[in-house]
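The values are calculated or read from the model by the stated rules, or taken from the named source; none is laboratory data. Worth saying up front: this structure is predicted, and the values here are computed from it rather than measured. Quick reminder, even Gly has a Cβ in these numbers, built from the backbone with ideal geometry, and neighbours come from all protein chains shown.
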Amino acid sequence: MTDLKKKAAEASAAQSDGSGPEPLLKVSGLVKHFPITKGVLKRKVGAVQAVDGLSFDVRPGETLGVVGESGCGKSTMGRLVTRLLEPTGGTIEFQGKDITHLSAGRLRPMRRDIQMIFQDPYGSLNPRHTVGGIVGTPFRLQGVTPEGGVKREVQRLLELVGLNPEHYNRYPHEFSGGQRQRIGIARALALKPKLVVADEPVSALDVSIQAQVVNLLDDLQDELGLTYMIIAHDLSVIRHVSDRIAVMYLGKIVELADRTSLYEAPMHPYTKALMSAVPVPDPRRRGAKSDRILLRGDVPSPISPPTGCRFHTRCWKATQICKTTEPPLIQLKTGHQVACHHPENGEDQAPGDAPLVTDAITVTSAPAAEPAEADKADEPVAETATESPKAGEAEGAAEAEEAPKAEDTPKPDAESADAGDAAAGDAEGGSRE
Ligand SMILES: Nc1ncnc2c1ncn2[C@@H]1O[C@H](COP(=O)(O)OP(=O)(O)O)[C@@H](O)[C@H]1O
Ligand code: SF4
Ligand SMILES: [Mg+2]
């Protein structure tokens, strides 16, 4: 464990008893509902409840992993905390300052401190710009001239992320997916941010390249003292990089704990199901029977989510109270928060409640995933999510089609596009569509 990681772990331990340092980011009751409108008058007929009441902290120097199936609101949350989207409700504080509804102009200085790395290394880089131009964009947008000039700084950044600084004048199409993601990372780091939100930074890459990029992010964290929020639909990626992990289901955080507690004793049934789908790396355990939980049914629609606990339609432990009463996210063990009436590895919060009768739920004991199936099994509960789009598609849909229509999506003009890279990346990606 490096010094920085140690400090983050200490801070994490201290904070769970309320005595730690100020969090870098503090999110309370964050809500984002996308209105669904009908007719010429754009009458509101409903809303996509993409994010519905998230509360969490991100502490200096730590990596908070966020995991959940496609469509559960991870990207929306990333875009809210980087203020690329306007929240419907709740508050976002960065270094103790409320940034929830800051105007584009007042957000500008903060944009330097919070940067975003996007999932798609192809769509997020403008093919008409050279690598030098792309990585230098944040300096232009912020009107900053680094010591030694932009070119020298860009070349230093390219070297930092493991690219050849002489490739300054090349175009994105001349690079592989992994190299392009490195360009995206260099761009995000240009303004020396404090917090980096990486939205599925490796899911568009070949498995063999994923580890390289993950290791790069890890090394950069130690070198530059970065704080990360890393979003993934894949627990196997999250496991290696996170100090703490938030598990999301249908717009809510259902469990939040440090990595060891979460992996050793998950408390939310959904987390348990997600984990049971991760391949077993230990060869001695391969082939042994494991409790692989195959959730039946699709993820319900965020337009009309289930009442009570949103997971009750797929949970094998559901009882009557689960259908009627939403379980709050509460700390049931030190540093381990969970939203469940009948948690695993913990005290039952509603003992004796009558079970909910439903045929949609079955738990199957299946052999652990064979190594050859590792790729397939990499996507948690893939079996259950047959109807829901893959992460890439969801992303594409949100960015290419829905985003331009949404009223509160920032325009890629000079004022608002200076999320450094974040907005620049979007604007560039969007302009190609
Ligand atoms: N701009 C938008 N307009 C309307 N609905 C959206 C928009 N962006 C995302 N959504 C919807 O919000 C939900 C959460 O999406 P998203 O945050 O992309 O999930 P994830 O990143 O976990 O896959 C999805 O149902 C998605 O269709
Ligand atoms: S609250 Fe009930 S339905 Fe929800 S996860 Fe817990 S046991 Fe399952
Ligand atoms: Mg996403």
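Can we say Gly133 is assigned to a helix (DSSP H, G or I) and of a type in the set (Gly, Ala, Ser)?
Considered against the rule, which asks whether it is assigned to a helix (DSSP H, G or I) and of a type in the set (Gly, Ala, Ser), Gly133 comes out as yes.
When residues of the range 211-242 are filtered for being under 26 Å from Lys272 (Cα atoms) and surrounded by 21 or more Cβ atoms within 10 Å (Cβ to Cβ), how many remain? Step through it out loud before you land on a result.
Start the filter on the range 211-242 by keeping residues that are under 26 Å from Lys272 (Cα atoms), which leaves 211, 214, 228-242.
Retained after the next criterion (residues that are surrounded by 21 or more Cβ atoms within 10 Å (Cβ to Cβ)): 228-233, 235, 237-238, 241-242.
Adding up the residues that qualify gives 11.
For the range 118-167, which positions are among the β-branched types (Val, Ile, Thr) and under 26 Å from Ser75 (Cβ atoms)? Reasoning before the result, please.
So in the range 118-167, the residues among the β-branched types (Val, Ile, Thr) come out as 130-131, 134-135, 137, 144-145, 150, 154, 161.
Answer for the range 118-167, where residues must be among the β-branched types (Val, Ile, Thr) and under 26 Å from Ser75 (Cβ atoms): Val131, Ile134, Val135, Thr137, Val161.
When the range 327-346 is examined, which residues are found to be assigned to a loop (DSSP other than H, G, I, E, B), out of contact with any helix residue (DSSP H, G or I) (no Cβ under 6 Å at 6 or more places or on another chain) and surrounded by fewer than 17 Cβ atoms within 10 Å (Cβ to Cβ)? So that I can check it myself, show each step before the final result.
Here is the first cut: in the range 327-346, the ones assigned to a loop (DSSP other than H, G, I, E, B) are 327-329, 334-335, 339-346.
Then keep just the ones that are out of contact with any helix residue (DSSP H, G or I) (no Cβ under 6 Å at 6 or more places or on another chain); that gives 327-329, 339-340, 342-343, 345-346.
Matches in the range 327-346: Pro328, Asn345, Gly346.
Could you check the range 163-193 and list, in sequence order, the residues that are surrounded by fewer than 16 Cβ atoms within 10 Å (Cβ to Cβ) and among the basic types (Lys, Arg)?
Lys192
Matching residues to (1) crowded, with 20+ Cβ neighbours inside 10 Å; (2) closer than 19 Å to Arg244 by Cβ; (3) within 16 Å of ligand 3 (Cβ to nearest atom):
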position: Pro21; (1), (2), (3): no, yes, no
position: Val27; (1), (2), (3): yes, yes, no
position: Val31; (1), (2), (3): no, no, no
position: Gly39; (1), (2), (3): no, no, no
position: Leu54; (1), (2), (3): yes, yes, yes
position: Val67; (1), (2), (3): yes, yes, yes
position: Met77; (1), (2), (3): yes, yes, yes
position: Leu85; (1), (2), (3): yes, no, yes
position: Gly89; (1), (2), (3): no, no, no
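List pairs: first in the range 75-96 and under 13 Å from Ala50 (Cβ atoms), second modelled with pLDDT under 95 and within 16 Å of ligand 2 (Cβ to nearest atom), Cβ under 7 Å, 6+ apart or cross-chain?
Listed by first residue and then by second, the contacts come to nothing, as the list is empty.
Inside the range 311-360, can you point out the residues that are within 30 Å of Arg59 (Cβ to Cβ) and of a type in the set (A, V, I, L, M, F, W, C)?
Phe311, Leu329, Ile330, Leu332, Val338, Ala339, Cys340
Among the residues of the range 184-217, how many are over 24 Å from Glu69 (Cα atoms) and within 16 Å of ligand 1 (Cβ to nearest atom)?
Total satisfying the criteria: 0.
Is it the case, given these coordinates, that Gly352 is more than 10 Å from ligand 2 (Cβ to nearest atom), assigned to a loop (DSSP other than H, G, I, E, B) and in contact (Cβ under 8 Å) with a residue 40 or more places away in the chain? Show your work before the answer.
Numbers: more than 10 Å from ligand 2 (Cβ to nearest atom): yes; assigned to a loop (DSSP other than H, G, I, E, B): yes; in contact (Cβ under 8 Å) with a residue 40 or more places away in the chain: no.
Considered against the rule, which asks whether it is more than 10 Å from ligand 2 (Cβ to nearest atom), assigned to a loop (DSSP other than H, G, I, E, B) and in contact (Cβ under 8 Å) with a residue 40 or more places away in the chain, Gly352 comes out as no.
Which of (1) more than 16 Å from ligand 1 (Cβ to nearest atom); (2) assigned to a loop (DSSP other than H, G, I, E, B); (3) modelled with pLDDT of 65 or more is the odd one out, the single condition Ile361 does not satisfy?
Checking Ile361 against (1) more than 16 Å from ligand 1 (Cβ to nearest atom); (2) assigned to a loop (DSSP other than H, G, I, E, B); (3) modelled with pLDDT of 65 or more, the one that fails is (3).
If you take the residues of the range 226-265 that are of a type in the set (D, E, K, R) and either within 16 Å of ligand 2 (Cβ to nearest atom) or more than 19 Å from Asp298 (Cα to Cα) (or both), which of them is farthest from the chain's Cα centre (by Cα)?
Checking each candidate, the answer is Glu264.
Tally time: how many residues in the range 1-49 are modelled with pLDDT of 90 or more and within 19 Å of Ile230 (Cβ to Cβ)?
Within the range 1-49, residues that are modelled with pLDDT of 90 or more and within 19 Å of Ile230 (Cβ to Cβ) number 6.
Among the residues of the range 328-348 satisfying the criterion of being polar (S, T, N, Q) and out of contact with any strand residue (DSSP E or B) (no Cβ under 8 Å at 6 or more places or on another chain), which is nearest to ligand 2 (Cβ to nearest atom)?
Asn345
Run down Arg152, Arg111, Arg170 and say which single residue is on the phi < 0 side of the Ramachandran plot, among the charged types (D, E, K, R) and at pLDDT below 95.
Arg111
Check the range 63-74 and report whether any residue there is of a type outside the set (Phe, Trp, Tyr), within 12 Å of the chain's Cα centre (by Cα) and more than 27 Å from Thr260 (Cβ to Cβ).
Restricting attention to the range 63-74, the residues satisfying the condition of being of a type outside the set (Phe, Trp, Tyr) are 63-74.
When the remaining residues are screened for being within 12 Å of the chain's Cα centre (by Cα), the result is 63-74.
Filter again for more than 27 Å from Thr260 (Cβ to Cβ), leaving 71.
Among the residues of the range 63-74, at least one is of a type outside the set (Phe, Trp, Tyr), within 12 Å of the chain's Cα centre (by Cα) and more than 27 Å from Thr260 (Cβ to Cβ), which makes the answer yes.
Which of the numbered conditions does Leu294 fail, given that it passes all the others? Conditions: (1) modelled with pLDDT under 95; (2) within 16 Å of ligand 3 (Cβ to nearest atom).
Here Leu294 clears every test but (2).
Residues that are modelled with pLDDT of 85 or more and more than 30 Å from Pro306 (Cβ to Cβ): find the helices (runs of 4 or more DSSP H) completely inside the range 198-291 holding 1 or more of those.
On the way: elements: 207-224, 235-241, 259-264, 269-276.
Fully inside the range 198-291 and qualifying: 207-224, 235-241, 259-264.
Please find, among Met110, Met116, the residue that is under 24 Å from the mean Cα position of the chain (by Cα), assigned to a strand (DSSP E or B) and either in contact (Cβ under 8 Å) with a residue 24 or more places away in the chain or under 23 Å from Glu223 (Cβ atoms) (or both).
Among Met110, Met116, only Met116 is under 24 Å from the mean Cα position of the chain (by Cα), assigned to a strand (DSSP E or B) and either in contact (Cβ under 8 Å) with a residue 24 or more places away in the chain or under 23 Å from Glu223 (Cβ atoms) (or both).
So in the range 85-113, with the set limited to residues that are within 15 Å of ligand 1 (Cβ to nearest atom) and out of contact with any helix residue (DSSP H, G or I) (no Cβ under 6 Å at 6 or more places or on another chain), which one is nearest to Leu30 (Cα to Cα)?
Here the answer is Thr88.
Within the bounds of the range 311-327, is there any residue that is within 24 Å of Ser75 (Cβ to Cβ), within 16 Å of ligand 1 (Cβ to nearest atom) and either at pLDDT 95 or above or touching a strand residue (DSSP E or B) at 6+ places or on another chain (Cβ under 7 Å) (or both)?
Yes, the range 311-327 contains at least one residue that is within 24 Å of Ser75 (Cβ to Cβ), within 16 Å of ligand 1 (Cβ to nearest atom) and either at pLDDT 95 or above or touching a strand residue (DSSP E or B) at 6+ places or on another chain (Cβ under 7 Å) (or both).
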